[in-house]
Amino acid sequence: MADAAESALRFVAGRARADLDNDEMLLFALVRAVEIVGEAASGVSAATRMETPEVSWALIVGMRNRLVHAYFDVDRNIVWATAAQALAPLLAQLRSILARC
């Protein structure tokens with residue numbers, strides 16, 4: 001999860017939301033990175049999820065499911081908001097969790 005989140009954050013660094021409309025490769029890269037975050041989240045054990053309620057596990061997995069099953073109906077605003085705003089706090093949470101292990 002952390003690796004994919006870090007990748008997505010690198011992809012959006014120095015970029016603007018409008019870049020998603022003009023750069024197909026950026027869109028595909030962000031969608032894939034967010035999918036990977038969600039796929040990895042789905043593999044987190046129930047025990048770990050219960051021990052870390054600060055992480056929005058169900059929302060993360062739900063985002064992955066939406067991206068995987070709605071190929072041509074992806075809301076670019078949501079992808080951008082996820083990558084540009086939600087992943088940095090998630091990454092901080094993940095680093096904190098990993099530090100405890």
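The values are calculated or read from the model by the stated rules, or taken from the named source; none is laboratory data. None of the values given here were measured: they were computed from a predicted structure. All Cβ positions, glycine included, derive from the backbone under ideal geometry; neighbour counts span all protein chains shown.
For the reader, a short list of remarks on this structure follows.
- Any pair with Cβ under 9 angstrom, 6 or more apart, that starts in region 72-95 at a residue that is closer than 15 Å to V61 by Cα and among the hydroxyl-bearing types (S, T, Y) and ends at one that is part of a helix (DSSP H, G or I) and modelled with pLDDT of 95 or more: T82/A8; T82/L30; T82/V34; T82/V37; T82/M63
- The test for being closer than 28 Å to M25 by Cβ and either in contact with a Pro (Cβ under 9 Å, 6 or more places away or on another chain) or part of a helix (DSSP H, G or I) (or both) does not hold for R49.
- Among the residues listed as V44, V34, V79, V68, the single one being outside any helix (DSSP H, G or I) and aliphatic (A, V, I, L, M): V44
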